[in-house]
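Below: the structure, in structure tokens.
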Amino acid sequence: MKRSIKVLTLFNIPVEINFSWFIIFGLVVFTLASGYYPLTDPGLPYSIYLLMAFVSSLLLFASLLAHEFAHSLVAMHNDLPIHGITLFIFGGIAHLEKEPDTPWVEFKMAVAGPIMSFFLGLSFFFITQALLAAGAPGYAVSISNYLFIVNIAVGLFNLVPGFPLDGGRVLRSILWKLLGNLRRATKVASGFGRAIAFILMSYGLFLLFSGMFINGIWFVFIGYFLQESAEASYRQVLMRRFLTGVKAKNLMSRDLVTVSPDLPVDRLVNDYFLKQRYISFPVIEDDNLLGIATVHLIKEIDQDDWPRHTVREVMVPVSDALIIDEEAEITECLSKMANNEFGRLLVVEKGKLVGILSQRDIMRLLDFRSKIERY
Ligand SMILES: [Zn+2]
């Protein structure tokens, strides 16, 4: 995700903030300073409300972070690596490298977040009581009380049983245990997610037409977001299922057209790019793979100079990012392709080139399987 900036690293997990979070942060500060605190603590100057709102928003941010870390630490404890945490809109996402292996692990991971929020909520409840008993200033009591309310609200909202919210993950883990099938469990749980999204959006539209504009927008927005995530998560599970066990050698194309490194660039263009149906050619010399010649790199050279340059000068030299073993899983190929700019990999067996794998080869399989499988 590019629209995020990294803010800190905790327990070896990098934490990023999505830019949408700054909008929410501003909105929360504004709502608290202009609407909430003037009601709980009337008669204070606006600058004090603004300060209270700012402190509250920072503590809310820390609370959401604690919620995400609860998920992540349980995941790591169960040998599920976490890439990082991104905070955005109303919460965050812990980036899992793979799905949990068992329903029980998923269940523990999913409930950890809301448990943390309830724990924080209760802690702020007791802090509020202690502040009251000690005769602390009103603004301190109000901030603490707000965090009590908001943490309980975060815990409750996340328990709504619509996948991929935490409650939906709990539901999925139970269905997974009952049905013994992760894909069907995900299908049902994301169906719940879509249903809840529909209810939220309808309620939002109802509010909009009743003149409650801001609240209406919020509900439509949250509903839309939930709907999108429910579908994306289901697609992801399907894709993983379709690709599991498929290897590079099963999908690669074996009819290779290779070029020599001493070939002049004008001949590369005229005899290969213009005559063959490929846009990149492996470069081979004495049975050794040297690199790949692609059409992008030729654009950098003036057309008149083509005869004076050879393939060797314009090819991308072979590197780890460009090659993959024929036994590698397709999921691994996909993540490798995402990191090289060609959208293809040279498949090797014991260092010798045996085929080329392109994103299109993988998409063709996905397309085919999604047509023949009933799901
Ligand atoms: Zn959560």
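The values are calculated or read from the model by the stated rules, or taken from the named source; none is laboratory data. These numbers come from a predicted model, not from an experiment. Methodologically, a virtual Cβ is constructed for each residue, glycine included, from the backbone with ideal geometry; neighbour enumeration extends over all protein chains shown.
Residues of region 185-231 that are within 18 Å of the chain's Cα centre (by Cα) and in contact (Cβ under 8 Å) with a residue 12 or more places away in the chain: T186, S190, G193, I222, Y224, F225, L226, Q227, S229, A230, E231. Of all residues being assigned to a helix (DSSP H, G or I) and under 21 Å from the mean Cα position of the chain (by Cα) in region 145-164, which is nearest to A66 (Cα to Cα)? Just the residue, please. By that ranking, first place goes to V154.
In region 101-115, of all residues being more than 8 Å from the ligand (Cβ to nearest atom) and surrounded by 24 or more Cβ atoms within 10 Å (Cβ to Cβ), the one that is farthest from A153 (Cα to Cα) corresponds to E106.
Screening V316 against (1) among the β-branched types (V, I, T); (2) buried (at least 19 other Cβ atoms within 10 Å of the Cβ); (3) modelled with pLDDT under 80 leaves a single unmet condition, (3). Counting the residues of region 8-48 that are farther than 14 Å from F61 by Cβ, surrounded by fewer than 19 Cβ atoms within 10 Å (Cβ to Cβ) and either among the aromatic types (F, W, Y) or touching an Asp or Glu at 6+ places or on another chain (Cβ under 9 Å) (or both) gives 6.
Of L182, L120, L165, all but one fail to be modelled with pLDDT under 85, surrounded by 14 or more Cβ atoms within 10 Å (Cβ to Cβ) and within 13 Å of the ligand (Cβ to nearest atom); the exception is L165.
Kindly provide the set of residues from region 35-61 that are within 27 Å of F225 (Cα to Cα) and of a type in the set (G, A, S), ordered by number. Once the filter is applied, which keeps residues that are within 27 Å of F225 (Cα to Cα) and of a type in the set (G, A, S), region 35-61 yields G35, A53, S56, S57.
For A66, which of the numbered conditions (1) crowded, with 18+ Cβ neighbours inside 10 Å; (2) within 13 Å of the ligand (Cβ to nearest atom); (3) closer than 30 Å to N215 by Cα fails to hold? Status for A66: all satisfied but (1). Pairing residues of region 131-160 that are modelled with pLDDT of 90 or more with residues that are outside any helix (DSSP H, G or I), at Cβ distances under 7 Å and at least 6 apart in sequence or on separate chains, gives S142/D41. For region 302-311, the set of residues classified as buried (at least 16 other Cβ atoms within 10 Å of the Cβ) and either modelled with pLDDT under 85 or closer than 21 Å to V354 by Cα (or both) consists of W306, V311, listed by residue number. Residues in region 330-340 that are without any contact (Cβ under 8 Å) to a residue 40 or more places away in the chain and in contact with a Ser or Thr (Cβ under 9 Å, 6 or more places away or on another chain): M337, N340.
Among the residues making up region 274-295, a single one is in contact (Cβ under 8 Å) with a residue 40 or more places away in the chain and either over 17 Å from V354 (Cβ atoms) or not assigned by TED's automatic domain parsing to the domain that holds I356 (or both): T294.
Does L87 count as modelled with pLDDT of 85 or more and within 13 Å of the ligand (Cβ to nearest atom)? Spelling it out, it is not the case that L87 is modelled with pLDDT of 85 or more and within 13 Å of the ligand (Cβ to nearest atom).
Does region 225-240 include one or more residues that are modelled with pLDDT of 85 or more and either crowded, with 18+ Cβ neighbours inside 10 Å or not assigned by TED's automatic domain parsing to the domain that holds T102 (or both)? No: zero hits.
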